[in-house]
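The values are calculated or read from the model by the stated rules, or taken from the named source; none is laboratory data. Every value quoted in this text rests on a predicted model; they were computed, and no experiment measured them. When we count neighbours, we look across all protein chains shown, and the Cβ atoms used for this are built from the backbone with ideal geometry, even at glycine. Heads up: the accessible areas ignore ligands, DNA and RNA and are worked out on the full protein's heavy atoms, side chains in. Shrake-Rupley method; radii C 1.70, N 1.55, O 1.52, S 1.80 Å.
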Amino acid sequence: MAMSCKDGKPGSLDNGKYVRYTPEQVEALERLYHECPKPSSIRRQQLIRECPILSNIEPKQIKVWFQNRRCREKQRKEASRLQAVNRKLTAMNKLLMEENDRLQKQVSQLVYENGCFRQHTQNATLATKDPSCESAVMSGQQRETHQHPPRDASPAGLLSIAEETLAEFLSKATGTAVEWVQMPGMKPGPDSIGIIAISHGCPGVAARACGLVGLEPTRVAELLKDRPSWFHDCRAVDVLNVLPTANGGTIELLYMQLYAPTTLAPARDFWLLRYTSVLEDGSLVVCERSLKNTQNGPSMPPVQHFVRAEMLPSGYLIRPCEGGGSIIHIVDHMDLEPWNVPEVLRPLYESSTVLAQKTTMAALRQLRQIAQEVSQSNVTGWGRRPAALRALSQRLSRGFNDAVNGFTDEGWSIMGNDGMDDVTILVNSSPDKLMGLNLSFANGFPSVSNAVLCAKASMLLQNVPPATLLRFLREHRSEWADSSIDAYSAAVVKVGPCSLRGSRVGGFGSQVILPLAHTVEHEEFLEVIKLEGIAQSPEDALMPRDVFLLQLCSGMDENAVGTCAELIFAPIDASFADDAPLLPSGFRIIPLDSGKEASSPNRTLDLASALEIGPAGNKASNDYSAAGGCMRSVMTIAFEFAFESHLQEHVASMARQYVRSIISSVQRVALALSPSYSGSHAGLRTPLGTPEAQTLARWICQSYRVYMGVELLKSGTEGGESVLKTLWHHSDAIMCCSLKALPVFTFANQAGLDMLETTLVALQDLTLEKIFDEHGRKTLCTEFPQIIQQGFACLQGGICLSSMGRPVSYERAVAWKVLNEEENAHCICFMFVNWSFV
């Protein structure tokens with residue numbers, strides 16, 4: 001180790017000369033660096049005193065050494081990151097070259113088929129004159145018809161089926177057996193999940209993915225075979241028989257069950273053959289297909305309450321990647337028997353996009369998530385291992401699916417209805433269902449609850465994006481939930497004190513979100529909700545307790561196509577153990593229009609949807625008009641309650657009425673979020689992205705220039721669209737309120753919405769005085785007349801409150817009167833500079 005030294009003396013620095021540290025000194029400094037990479041001046045002096053070997057080095061030299069050491073560490077990490085990016089780009093380039101080769105083969109095949117079609121067309125007139133042409137054509141058709149050779153259940157017969165499955169799978173994964181088109185909304189790149197494609201014009205539904213994962217091929221195969229661990233819709237996979245093959249592979253006979261996504265359709269099951277083998281180039285292949293009677297292989301009788309679906313040759317091609325990791329090709333190809341579901345739900349079973357979102361991409365996300373966990377710390381900030389958090393997510397999802405499906409083999413039975421069939425009530429008194437619940441009241445006395453009741457229903461929604469609706473339900477729980485019901489549900493677990501901290505987002509006076517974990521693409525996240533101050537019984541009315549919910553959220557990305565949105569939660573004990581008892585309830589919203597394989601992403605209901613305006617007009621309106629002005633989705637609701645057997649009728653009546661009230665609340669919220677409703681009611685804001693929104697943005701900027709003498713936005717911003725976009729992305733919080741006796745907010749940019757912790761839909765329900773504390777309201781009352789008379793006012797920094805009650809500090813605020821074209825006052829605009837949550 002060398003360091004510059006003036007006059008050759010240690011302790012004085014110069015660019016021309018260097019001093020070398022002894023190995024012992026370097027070892028001591030390295031040891032100290034790992035203990036404290038950035039020591040203070042006092043700490044450096046202390047290090048010199050504690051280490052005699054460093055006594056001849058001045059503190060300034062120690063400071064420079066630590067600076068150089070931190071720089072080298074930063075360079076090392078950056079070099080490692082760039083190497084990883086380079087390996088990924090190399091692998092992606094290889095994938096793209098293979099995809100290009102496949103497309104060229106497909107083009108050649110299409111050219112050949114087009115030539116054959118033209119030849120047949122030219123010879124069509126000869127068919128009536130020469131009977132031999134018809135026989136020739138028929139013989140050609142007979143040659144093209146592929147007949148499966150006879151098979152049996154012997155090892156040789158199963159191997160024959162397996163080899164045939166392998167060949168067909170490879171022709172789909174890397175060949176031209178299926179015409180693949182890029183999935184709408186998916187753009188390949190170094191940061192993308194992979195190259196995602198869906199089928200066009202083939203039987204059933206099919207999806208294909210190609211990607212790079214940082215795991216070895218054998219580990220990838222092991223994870224993908226464990227389908228229930230990553231595919232939430234998979235109820236069970238039973239391996240009934242395993243046969244080794246002469247080439248070192250294995251043949252497995254599987255029985256797989258999939259949950260039904262709604263209460264309106266039966267579940268699916270599969271009778272499968274799975275073949276695992278290694279190719280000559282070292283690639284690992286896992287392929288599957290359904291076994292049918294036409295193959296004369298082993299059979300599986302139908303199972304009650306399940307519809308037997310078919311899996312066409314599918315699987316995984318896993319190749320080792322140079323520098324570590326694997327390149328993986330995934331193909332999912334199924335016939336889900338759509339004839340067996342109501343016509344309104346058939347798009348879910350006929351959409352390759354839905355298959356890609358739920359199955360193909362879920363497999364890639366699981367692999368990327370585990371690879372990230374392997375490369376990073378194995379313990380999260382909450383002291384939980386990622387595997388434990390994944391297990392909690394899986395338990396929530398699985399418990400909700402069990403409630404939605406209500407299988408009789410798990411102990412569920414249907415209760416009689418009250419003359420209406422809108423809500424289904426099921427009861428489960430199976431010991432297995434109750435075994436996982438640590439049933440006890442909050443006062444510590446044991447509970448005698450010996451059964452679980454589930455109230456479930458499905459409803460059709462129109463003209464509201466699932467992600468938007470679910471985000472509202474998550475952030476505004478008080479709009480649909482009953483705090484007394486939450487308290488009743490929480491009473492089945494022992495609730496004690498908790499010191500968790502998070503962000504308050506509204507609810508029953510206080511609703512706190514405590515994030516736990518999220519996946520790589522942030523499409524799914526786990527959190528704890530703390531509902532503060534809820535009385536769990538009449539006796540607790542004067543001493544309310546906090547209620548804790550473990551909550552799983554997914555499908556919140558409005559730009560994803562065909563994504564299922566879920567909000568699943570369960571009351572938990574404040575100790576939050578890994579084996580915490582869970583009784584999940586929640587919502588699932590599935591878009592139905594994705595079955596049309598539309599290429600437009602879902603419309604967002606905020607100003608961002610107005611920022612991408614092209615020659616065709618507003619993007620948001622085009623998204624809705626693409627489906628004839630109607631966006632349809634199906635929502636499934638399921639709520640579970642533990643109860644005492646002698647209270648069954650009472651709890652059933654309560655649950656039935658509660659779910660009906662939730663349905664009514666959801667319908668009201670969906671109507672308020674619907675663009676057709678907001679556009680036809682004068683009480684609501686003018687639809688965003690229209691000329692009115694651009695005009696308001698121009699008025700705001702012009703009025704600011706008139707009163708303040710400077711430009712609000714950077715110079716060079718011209719045109720209504722550009723002004724609106726720049727104002728929306730302004731770093732300071734800008735918001736407008738009406739000129740009424742009780743001013744209410746009418747507009748806010750993105751920073752303003754973030755500061756107020758609200759949305760444009762709920763913004764107009766917020767009055768100006770609600771965001772200020774007592775001191776702020778007094779200041780506002782003093783300055784408001786000046787704003788009206790003088791046209792502007794500068795306010796000192798202070799504290800205001802978000803819509804959720806969180807304190808927000810700001811350095812200063814500016815208020816000015818917004819004038820319209822006739823120079824009449826239109827509204828008051830506020831700008832909060834350098835704001836932050838306290």
Residues in region 260-291 that a label on Glu163 would reach, taking backbone N under 20 Å of a point 7 Å out along Cα→Cβ: 273-291
Residues listed by number, region 451-493, amide nitrogen under 14 Å from Gln657 label point at 7 Å toward C-beta: 482, 484-485
Nearest-0.05 FRET efficiency for Asp557 and Glu821, computed from C-beta distance (R0 35 Å): 0.35
Whole-angstrom gap from region 778-838 to region 325-353, using each part's C-alpha centre: 53
Potential lengthening between Ser40 and Leu240 on full extension [0.36 nm per residue; Cα-Cα distance subtracted]: 65.5 nm
Full-stretch length increase - Glu50, Cys71 - with 0.36 nm per residue and alpha-carbon distance subtracted: 5.0 nm
Extreme residue, positive dipole direction of region 260-312, given options Asn293, Leu312, Gly282 (C-beta unit charges): Asn293
Accessible-area value, His305, 1.4 Å probe, nucleic acids and ligands omitted, Å²: 100
Inter-site label distance for Glu222 and Ala387 at 7 Å from Cα along Cβ, in nm: 1.0
Within region 21-113: Cβ-based charge dipole about Cα centre, in debye rounded to nearest 20 (Lys, Arg +1; Asp, Glu -1): 420
Solvent-accessible heavy-atom area per residue, rounded to whole Å², over region 688-835 at 1.4 Å: 47
Region 153-370 - charge dipole about Cα centre, Lys and Arg +1 at Cβ, Asp and Glu -1, debye rounded to 20: 380
Estimated distance in nm for a label pair at Asn834 and Gln648, the labels positioned 7 Å out from Cα along Cα-to-Cβ: 6.7
Inter-probe distance in nm under a simple model that places probes 7 Å from Cα toward Cβ, at Asn93 and Ser478: 5.8
Protection-proxy order for peptides 392-401, 725-734, each taking the mean of Cβ atoms within 10 Å per residue, highest first: 392-401, 725-734
Residue pairs, from the table Lys725/Lys817; Lys714/Lys770; Lys94/Lys358, whose Cα atoms sit over 23 Å apart: Lys714/Lys770; Lys94/Lys358
Efficiency of FRET from Cβ geometry, Ser171 and Gln104, R₀ 25 Å, rounded to 0.05: 0.95
Solvent-accessible area per residue, Å², over region 21-113 with all protein chains present [probe radius 1.4 Å]: 68
Global form of region 230-385, assessed from the alpha-carbon gyration tensor, a/c cut-off 1.5: oblate
Prolate/oblate/rounded call for region 21-113, Cα gyration tensor, a/c under 1.5 rounded: prolate
Leu739/Ile799 FRET efficiency (R0 25 Å; Cβ-Cβ; nearest 0.05): 0.50
Three-way shape call for region 157-295 based on the alpha-carbon gyration tensor, with the a/c threshold at 1.5: rounded
